[in-house]
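Chemist: Take a look at the following structure, please.
The values are calculated or read from the model by the stated rules, or taken from the named source; none is laboratory data. Given the structure is predicted, the values throughout are model-derived calculations rather than measurements. Neighbour counts are summed over all protein chains in view; Cβ atoms, including those assigned to glycine, are modelled from backbone coordinates with ideal geometry.
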Amino acid sequence: MERDRSAPVVGLDVPAEVGMPVEEIATPALIIELDQFEKNVKTLKDFIETHGVRLRAHAKTHKSADVARYQMSQGGACGVCCQKVSEAQALVSAGINDVLVSNQVVDKRQIRHLAEMAKSARVMVCVDDADNVDDLARAAQAADVEIGCLVEIDVGAGRCGVRPGREAAVLAGRIAQARGLKFAGLQAYQGSAQHKAEFETRKALIGEAVRQVRETVDLLAAEGLGCEIVAGAGTGTFALEAQSGLYNELQCGSYVFMDADYQRILDENGEPVSMFGNSLFIVTSVMTSTLNATMINASGTIHGLFVISKAGWMKLNTRQIAANTPMNPRIWFLRFGNANTSRSTKNANGSIRAR
């Protein structure tokens, strides 16, 4: 008999359902540790409130309207960022009402989609080209909407953006004069600084970015152009931008789940950054393992245990497995059903819970 396809089947359509014991999860599965996730969101909310800046959380980390909604309702975010028009459309369709495409949109069809979205949400986009300004203006006029534009300046990442200062001011003036567009401010993201391990390196790179932003903001003010938004900052440097007195909108994304590489960067005391914790994990099942005898050293310690799981293969150290300690300082193997079980994944009865 053909199954009812309107009801998801655990193990085929979904990996688990609420109330199911954790050991019955169909693997591999992505698991959010809700306690840590909620703590991460609250931590950054407390930070922005203390420092008097806004958060426009970057949705490229999760691409989920549910997570974006939580960041706005519980995490103090004024809106979200995304990288593509299709991502913006998914978020707006799900009810997210303030979206910045933190990238350039140059395809005319995508520009028309962007303008249509502006009928039901506040929509902004980054710009670094005069012809693009004209295309955006025509689409906005045709749809009878207003599209906010941030002039993107290159503050050291060497990716997108015009030169700070005069070039940025000229482009801002063109936007301000274009019917259907609003000059909303500057996009000044120093992406290449985010994962620099040493604190002083990140501080120097952001210091130079701040200098270029200040030069641009001052020039805009001299020409009568207010700069409502000065945006940028990622999870690796946001504290530096927040303390600059210039940046007023942070674009952190990874903080909600926190990836391993961000936890390798060091704070001003030379210690690994610990403000946020890992909250997203892959649960998988070991299918088989083999020993590489050539890896046995003089003390008899086996270094070459190869484990094949449903998520791929990995090489582990047997002492690390036995102790349930990290394979490296930022990758952990969690064993469900013992003292290391995630509190947010399981409740007192050892079952998955809903938030």
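Chemist: Any residue that is small (G, A, S), without any contact (Cβ under 8 Å) to a residue 24 or more places away in the chain and within 22 Å of T201 (Cβ to Cβ) - is there at least one of those in segment 224-242?
Modeler: Among the residues of segment 224-242, not one is small (G, A, S), without any contact (Cβ under 8 Å) to a residue 24 or more places away in the chain and within 22 Å of T201 (Cβ to Cβ), which makes the answer no.
Chemist: Where residues in segment 107-126 are more than 24 Å from A188 (Cβ to Cβ) and among the basic types (K, R), which of them is surrounded by the fewest Cβ atoms within 10 Å (Cβ to Cβ)?
Modeler: Among them, the one singled out is R109.
Chemist: While we're looking at this one, here's another question. Go through the residues of segment 251-259 one by one and say whether even a single one is at pLDDT below 90, assigned by TED's automatic domain parsing to the domain that holds G191 and under 25 Å from G76 (Cα atoms).
Modeler: Scanning segment 251-259 turns up at least one residue that is at pLDDT below 90, assigned by TED's automatic domain parsing to the domain that holds G191 and under 25 Å from G76 (Cα atoms).
Chemist: Could you please tell me which pairs satisfy a Cβ distance under 7 Å, a separation of 6+ or placement on different chains, a first residue in segment 16-33 that is over 18 Å from N278 (Cβ atoms), and a second residue that is aromatic (F, W, Y) and surrounded by 15 or more Cβ atoms within 10 Å (Cβ to Cβ)?
Modeler: Pairs found: E23/F336.
Chemist: With respect to T294, determine if the residue is touching a strand residue (DSSP E or B) at 6+ places or on another chain (Cβ under 6 Å), surrounded by fewer than 18 Cβ atoms within 10 Å (Cβ to Cβ) and modelled with pLDDT under 95.
Modeler: No; evaluated as a whole, the condition is false for this residue.
Chemist: Can you report the number of residues in segment 155-171 which are in contact (Cβ under 8 Å) with a residue 24 or more places away in the chain and in a loop (DSSP other than H, G, I, E, B)?
Modeler: 9
Chemist: I would also like to ask the following. Among (1) in contact (Cβ under 8 Å) with a residue 60 or more places away in the chain; (2) buried (at least 17 other Cβ atoms within 10 Å of the Cβ), which single condition is A77 missing?
Modeler: (1)
Chemist: Give R69, R56 a once-over and let me know the one that is touching a residue at least 12 places away in the same chain (Cβ under 8 Å), surrounded by 23 or more Cβ atoms within 10 Å (Cβ to Cβ), out of contact with any helix residue (DSSP H, G or I) (no Cβ under 6 Å at 6 or more places or on another chain) and not small (G, A, S).
Modeler: R56
Chemist: Would you mind finding the one in A188, A178, A143 that is within 27 Å of the chain's Cα centre (by Cα) and either crowded, with 24+ Cβ neighbours inside 10 Å or in contact (Cβ under 8 Å) with a residue 12 or more places away in the chain (or both)?
Modeler: A188
Chemist: Restricting attention to segment 18-36, which residues are surrounded by 12 or more Cβ atoms within 10 Å (Cβ to Cβ), within 30 Å of G75 (Cα to Cα) and touching a strand residue (DSSP E or B) at 6+ places or on another chain (Cβ under 8 Å)?
Modeler: Within segment 18-36, M20, P21, V22, I25, P28, A29, I31, I32, E33 qualify.
Here is a yes/no grid of residues against (1) assigned by TED's automatic domain parsing to the domain that holds I96; (2) over 14 Å from the mean Cα position of the chain (by Cα); (3) closer than 30 Å to V286 by Cβ:
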{"site": "I25", "(1), (2), (3)": "no, yes, yes"}
{"site": "P28", "(1), (2), (3)": "no, yes, yes"}
{"site": "K42", "(1), (2), (3)": "yes, yes, no"}
{"site": "K45", "(1), (2), (3)": "yes, yes, no"}
{"site": "T50", "(1), (2), (3)": "yes, yes, no"}
{"site": "V53", "(1), (2), (3)": "yes, yes, no"}
{"site": "V67", "(1), (2), (3)": "yes, no, yes"}
{"site": "Q74", "(1), (2), (3)": "yes, yes, no"}
{"site": "V85", "(1), (2), (3)": "yes, yes, no"}
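Chemist: Looking at segment 45-147, what helices (runs of 4 or more DSSP H) fall wholly within it and have at least 3 residues that are farther than 26 Å from L171 by Cβ?
Modeler: Counting at least 3 such residues, we get 65-73, 85-93.
Chemist: Let me ask something additional. Just the residues that are crowded, with 22+ Cβ neighbours inside 10 Å and in contact (Cβ under 8 Å) with a residue 40 or more places away in the chain, please, taken from segment 80-106.
Modeler: Passing the criteria: C81, L100, S102.
Chemist: What number of residues within segment 243-289 satisfy the criterion of being surrounded by 14 or more Cβ atoms within 10 Å (Cβ to Cβ), part of a loop (DSSP other than H, G, I, E, B), of a type outside the set (S, T, Y) and in contact (Cβ under 8 Å) with a residue 40 or more places away in the chain?
Modeler: 11
Chemist: Any chance segment 196-203 includes a residue that's at pLDDT 95 or above, under 30 Å from Y262 (Cα atoms), among the aliphatic types (A, V, I, L, M) and not in a loop (DSSP other than H, G, I, E, B)?
Modeler: The answer is no, given that none of the residues of segment 196-203 is at pLDDT 95 or above, under 30 Å from Y262 (Cα atoms), among the aliphatic types (A, V, I, L, M) and not in a loop (DSSP other than H, G, I, E, B).
Chemist: May I ask you to list pairs of residues, at least six apart or on different chains, whose Cβ atoms are under 6 Å apart, with the first in segment 208-223 being among the hydroxyl-bearing types (S, T, Y) and the second being in a helix (DSSP H, G or I)?
Modeler: Close Cβ pairs (under 6 Å, with a partner that is in a helix (DSSP H, G or I)) amount to T216/A168.
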